[in-house]
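Below you'll find the structure, written out as structure tokens, and then a few comments.
The values are calculated or read from the model by the stated rules, or taken from the named source; none is laboratory data. Quick caveat, the model's predicted, so the values are computed rather than measured. For neighbour counting, all protein chains shown are included, and Cβ atoms are generated from backbone atoms with ideal geometry for every residue, glycine included. SASA here: full protein model, heavy atoms, side chains in, ligands and nucleic acids out. Shrake-Rupley method; radii C 1.70, N 1.55, O 1.52, S 1.80 Å.
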Amino acid sequence: MKLLLFRTDIKTKKKVNSLKPLFNTNVITNWSVDTEDIDNVLRIEAKENLNESDVIELIEASGHLCEPLPD
């Protein structure tokens, strides 16, 4: 299992819900966005074959900002 963390501009539950079709896949086993955190952290638990760049591409294609959080 792989854990990926990102800073986003996803600030509302409505925006979080709009991402469900993107993330409800076989590769991603669990995901959440902490809209209460200042960085609106997107947390993804995924199988090993998902890269940060793949997630960033998906999020940016849906009109949101996304960048990896440093360890």
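Numbers at a glance
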{"quantity": "Qualifying residue in region 9-31 (condition: of a type in the set (Ser, Thr, Tyr) and within 9 Å of the chain's Cα centre (by Cα))", "calculated": "no"}
{"quantity": "Residue within region 6-25 that is farther than 16 Å from Glu60 by Cα, open to solvent by 50 Å² or more (accessible area, probe 1.4 Å) and of a type in the set (Gly, Ala, Ser) present", "calculated": "no"}
{"quantity": "Answer residue from region 16-63, given it is in a loop (DSSP other than H, G, I, E, B) and touching a strand residue (DSSP E or B) at 6+ places or on another chain (Cβ under 6 Å) and is nearest to Lys2 (Cα to Cα) among those", "calculated": "Glu48"}
{"quantity": "Options Glu36, Glu67: the member that is open to solvent by 50 Å² or more (accessible area, probe 1.4 Å), more than 14 Å from Val16 (Cβ to Cβ) and not aliphatic (A, V, I, L, M)", "calculated": "Glu67"}
